[in-house]
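Asker: So that we are looking at the same thing, I have put the structure below in structure tokens.
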Amino acid sequence: MSAPLLRVRDLCVSFPARRGRAPVRAVDQVSFDIAPGQTLGLVGESGSGKTTTGRAILQLQAASSGSVQLLGRELTAMSGRDLRAMRRHMQFVLQNPYSSLHPRMTVANTLAEPLAVHRSVPRHAIPERVAELMTLVGMDPAVVNRYPHEFSGGQRQRIVIARALAVNPDFVVCDEPVSALDVRTQAQIVDLLQHLQARLGLSYLFIAHDLAVVRAVAHRVAVMYGGRIVELGNAAQVYENPAHPYTRNLLDAVPVVDPARQRALLAEAAADPDFRGREGEPGPCVFGTDHAATATAHWHDIAPGHGVSCRFWPPGAAPDSR
Amino acid sequence: MTDAPPPLLDVRGLTAAFGRAAPVVRDISFHVAPGEAVGFVGESGSGKSVTARAVLRLAPEGSPLVWGGQILYGGQDLLRLDEHAMRGIRGRRIAMVFQDPMSSLNPVMTVGAQIDDMLMQHMGLSRRAARRRTVDLLGLVGIRDPAMRADDHPHQFSGGMRQRVLIAIAVSCEPDLLIADEPTTALDVTVQAQILRLLMRLRRELGMALMLISHDFGVIAGMVERVHVMQGGEIVETGDVDALFAAPRHPYTRALLDAVPRLDARR
Ligand SMILES: Nc1ncnc2c1ncn2[C@@H]1O[C@H](COP(=O)(O)OP(=O)(O)OP(=O)(O)O)[C@@H](O)[C@H]1O
Ligand SMILES: Nc1ncnc2c1ncn2[C@@H]1O[C@H](COP(=O)(O)OP(=O)(O)O)[C@@H](O)[C@H]1O
Ligand SMILES: [Mg+2]
Ligand SMILES: [Mg+2]
């Protein structure tokens with residue numbers, strides 16, 4: 001296998017303590033690789049640390065420990081100047097197409113900005129590159145002088161993608177890139193992202209809660225719970241052979257487009273789930289005490305490329321008390 | 001059908017336009033019975049959010065919205081009510097969860113203080129009673145360690161946690177009608193299921209009616225009795241949820257249902 005484009009090891013992010021409490025550990029010993037031209041889907045509970053992981057990789061959020069290597073270069077210890085140069089290689093596509101574009105900037109200016117900052121093309125060539133980017137994301141270059149509110153949600157998301165691609169990155173973090181869009185627009189944006197990946201060899205960290213969308217785009221899938229990765233494997237392994245109880249919970253909770261079955265599914269959902277405990281901190285895990293607390297100690301490789309962090313693995317065995 | 005209860009909300013020939021531009025919602029009519037749940041689906045830009053906002057006469061910030069038609073609520077036309085009377089209805093009798101959680105929260109106030117204020121204003125609770133209720137509500141929407149997290153500012157919450165705060169605020173006053181515009185789009189499916197169950201329970205226990213807007217057909221399928229499909233500012237199909245999903249009549253409805261991504265659609 002070729003060297004990974006991105007290598008993340010034992011990444012931890014803590015937010016400062018409040019009023020005499022322990023700091024919130026939002027990301028806890030997260031490790032994974034992303035190969036060139038591949039997509040890692042990141043799914044998990046709301047508040048489990050997905051966005052924070054993405055931000056820490058892009059160095060938009062300081063890590064408290066751990067390593068992030070992009071193209072073989074360690075980002076966490078880099079000087080501001082070197083980091084600015086590396087930013088050309090890594091970009092962010094955010095969740096909300098409504099608030100991630102500046103309302104008073106035309107599309108042309110939005111796309112020209114990163115080109116000017118990174119001096120990617122000579123100043124006189126910027127309009128041509130802007131037109132090229134519009135075409136790349138399937139939009140008519142003639143509309144570049146319009147403002148964001150004049151576009152639909154799907155069109156705005158295309159512009160956000162064009163802005164991320166302006167500097168020719170190798171790696172893009174997509175944080176819920178389609179969740180605000182209706183199903184047909186979602187499908188178009190997913191197609192666009194895949195088309196761009198094939199054409200430009202991009203790697204994606206694709207954060208989403210829609211498991212069907214992740215299934216469609218991801219080569220590998222990581223499942224996060226309480227700041228940790230509890231399962232990691234090829235998409236087929238995780239979807240067809242989920243090992244962690246939380247992964248199984250997630251897959252079972254996907255709504256179905258059949259009113260009678262969906263009503264039954266909702267009625268069966270845990271009546272009063274145990275939501276107690278502190279976000280980002282170990283346990284209490286709904287699957288057993290200290291389930292997450294001992295995640296690293298309980299990582300099991302269950303098949304080549306597929307691992308799970310679970311003290312109840314293998315199923316039926318006595319809880320591992322290491 | 002003489003014994004059908006009179007609708008709680010009866011919208012007749014509603015039209016909405018931004019300034020002098022062509023209307024974005026055109027002559028739509030629908031009703032919501034007390035305790036009933038109705039769904040709205042349709043592509044982005046089809047007018048779902050504008051319709052939802054029209055019921056509360058709330059224009060998006062900085063955008064002048066003009067309305068025509070009638071919105072009858074408890075026998076009075078909301079479009080003709082003065083602003084003072086309208087304020088008594090908004091948030092108290094009819095509550096709304098907006099699509100964009102960040103823009104509807106105050107960034108410089110703690111999450112708890114924002115809910116406290118609502119409760120003191122609308123329910124007449126004391127500050128201390130309000131805080132107790134706030135902590136309950138945050139727990140109800142699945143925020144862990146709610147007493148501590150009430151002192152956080154919105155930027156310290158994840159996207160999904162902010163969306164849950166909006167739901168807590170909306171249900172805090174036990175409204176007769178909740179208008180929820182994409183209330184669970186930022187949530188993972190297990191938390192989504194909890195929120196949907198919570199909404200079901202509020203319907204049952206408080207007799208709350210629900211106007212649910214979502215582009216997720218699975219969410220709509222399990223939650224509502226009737227569905228309205230919107231396209232280009234108009235309602236193009238209306239029906240009982242079971243019938244409409246089993247046999248959609250309008251080609252647009254069929255196209256939308258066909259586009260729903262399936263779990264087994266591997267790359
Ligand atoms: N600036 C901050 N200050 C303090 N705590 C924060 C901050 N940003 C995030 N957190 C906390 O870190 C944890 C993880 O948040 P994060 O935004 O990464 O979650 P997420 O997995 O992206 O969730 P969602 O699916 O809801 O977007 C949460 O407990 C959140 O409250
Ligand atoms: N603030 C605004 N200013 C001008 N036009 C708007 C504004 N908000 C929405 N629109 C337009 O109104 C129409 C309906 O939008 P909306 O109700 O938000 O759609 P939906 O919620 O179904 O996605 C669209 O054509 C949209 O472009
Ligand atoms: Mg997030
Ligand atoms: Mg909308």
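The values are calculated or read from the model by the stated rules, or taken from the named source; none is laboratory data. Here the structure is a predicted model, which means the values were calculated and not measured. Methodologically, a virtual Cβ is constructed for each residue, glycine included, from the backbone with ideal geometry; neighbour enumeration extends over all protein chains shown. Side chains included, ligands, DNA and RNA excluded: accessible areas come from the protein's heavy atoms. Shrake-Rupley method; radii C 1.70, N 1.55, O 1.52, S 1.80 Å.
Asker: Hey, among A:ARG81, A:ARG25, which residue is within 16 Å of ligand 1 (Cβ to nearest atom) and among the basic types (Lys, Arg)? Spell out how you get there, then give the answer.
Answerer: Values: A:ARG81 fails: within 16 Å of ligand 1 (Cβ to nearest atom).
When all the criteria are applied, what remains is A:ARG25.
Asker: Please count how many residues of segment B:145-181 are away from ligand 3 (no atom under 16 Å from the Cβ) and either assigned to a loop (DSSP other than H, G, I, E, B) or under 17 Å from the mean Cα position of the chain (by Cα) (or both).
Answerer: Residues flagged as away from ligand 3 (no atom under 16 Å from the Cβ) and either assigned to a loop (DSSP other than H, G, I, E, B) or under 17 Å from the mean Cα position of the chain (by Cα) (or both) within segment B:145-181 amount to 19.
Asker: Ok, one more. A:ASP210 - would you say it is at pLDDT below 90, within 16 Å of ligand 3 (Cβ to nearest atom) and either under 14 Å from the mean Cα position of the chain (by Cα) or surrounded by 23 or more Cβ atoms within 10 Å (Cβ to Cβ) (or both)?
Answerer: yes
Asker: Tell me, yes or no, whether segment B:82-89 has at least one residue that is out of contact with any His (no Cβ under 8 Å at 6 or more places or on another chain), without any contact (Cβ under 8 Å) to a residue 60 or more places away in the chain and open to solvent by less than 20 Å² (accessible area, probe 1.4 Å).
Answerer: Yes, the conditions are met somewhere in segment B:82-89.
Asker: Condition first: assigned to a strand (DSSP E or B), within 13 Å of ligand 2 (Cβ to nearest atom) and either within 12 Å of chain A (Cβ to nearest Cβ) or open to solvent by 30 Å² or more (accessible area, probe 1.4 Å) (or both). Now tell me which residues in segment B:11-22 satisfy that.
Answerer: B:THR15, B:PHE18
Asker: Right, something else. Could you tell me whether segment B:23-38 includes any residue that is away from ligand 1 (no atom under 16 Å from the Cβ), over 30 Å from A:VAL257 (Cα atoms), open to solvent by less than 40 Å² (accessible area, probe 1.4 Å) and part of a loop (DSSP other than H, G, I, E, B)? Spell out how you get there, then give the answer.
Answerer: As a first pass, look at segment B:23-38 and keep what is away from ligand 1 (no atom under 16 Å from the Cβ): B:23-38.
Narrowing further to those that are over 30 Å from A:VAL257 (Cα atoms): B:23.
Next, only the ones that are open to solvent by less than 40 Å² (accessible area, probe 1.4 Å) stay: none.
No: segment B:23-38 contains no residue that is away from ligand 1 (no atom under 16 Å from the Cβ), over 30 Å from A:VAL257 (Cα atoms), open to solvent by less than 40 Å² (accessible area, probe 1.4 Å) and part of a loop (DSSP other than H, G, I, E, B).
Asker: Restricting attention to segment B:219-243, which residues are polar (S, T, N, Q) and within 30 Å of A:GLU268 (Cβ to Cβ)?
Answerer: Matches in segment B:219-243: B:THR238 only.
Asker: Is it true that A:LEU211 is aliphatic (A, V, I, L, M) and closer than 23 Å to A:ALA56 by Cα?
Answerer: no
Asker: Right, something else. Write out, first by first residue and then by second, each pair whose Cβ atoms fall under 6 Å of each other, whose residues are 6+ apart or on separate chains, and whose first residue, in segment B:50-67, is closer than 14 Å to B:THR15 by Cβ and within 14 Å of chain A (Cβ to nearest Cβ) while the second is more than 16 Å from ligand 1 (Cβ to nearest atom) and assigned to a loop (DSSP other than H, G, I, E, B).
Answerer: Taking only residues 6 or more apart or on different chains, the pairs are B:VAL50/B:VAL24; B:LEU65/B:ALA59.
Asker: Quick check on segment A:117-162: of everything there that is of a type in the set (Gly, Ala, Ser) and under 22 Å from A:ASP191 (Cα atoms), which residue is modelled with the highest pLDDT?
Answerer: Going through the qualifying residues, I end up with A:ALA131.
Asker: Give the residue that is modelled with the highest pLDDT, with candidates limited to residues of segment B:104-142 that are touching a Leu at 6+ places or on another chain (Cβ under 8 Å) and assigned to a loop (DSSP other than H, G, I, E, B).
Answerer: Looking at the filtered set, the residue picked out is B:LEU125.
Asker: Return yes when B:GLY160 is touching an Asp or Glu at 6+ places or on another chain (Cβ under 8 Å), at the interface with chain A (Cβ under 9 Å from one of its Cβ atoms) and either over 28 Å from B:GLY47 (Cβ atoms) or of a type outside the set (Ser, Thr, Tyr) (or both) and no when it is not.
Answerer: Answer is yes for this residue.
Asker: Oh, and also: Quick one: is B:ALA259 away from chain A (no Cβ under 12 Å), open to solvent by 20 Å² or more (accessible area, probe 1.4 Å) and aliphatic (A, V, I, L, M)?
Answerer: no
Asker: Moving to a separate point now. Taking A:VAL68 and the conditions (1) buried (at least 19 other Cβ atoms within 10 Å of the Cβ); (2) within 14 Å of chain B (Cβ to nearest Cβ), which numbered condition does it fall short on, given that it satisfies the others?
Answerer: Condition (2) is where A:VAL68 drops out.
Asker: Before we move on, is A:GLY233 more than 7 Å from chain B (Cβ to nearest Cβ), over 25 Å from A:GLN155 (Cβ atoms) and more than 17 Å from the chain's Cα centre (by Cα)?
Answerer: Considered against the rule, which asks whether it is more than 7 Å from chain B (Cβ to nearest Cβ), over 25 Å from A:GLN155 (Cβ atoms) and more than 17 Å from the chain's Cα centre (by Cα), A:GLY233 comes out as no.
Asker: Which of (1) of a type outside the set (D, E, K, R); (2) within 16 Å of ligand 1 (Cβ to nearest atom); (3) not in a loop (DSSP other than H, G, I, E, B) is the odd one out, the single condition A:LEU111 does not satisfy?
Answerer: Result: A:LEU111 fails condition (2) only.
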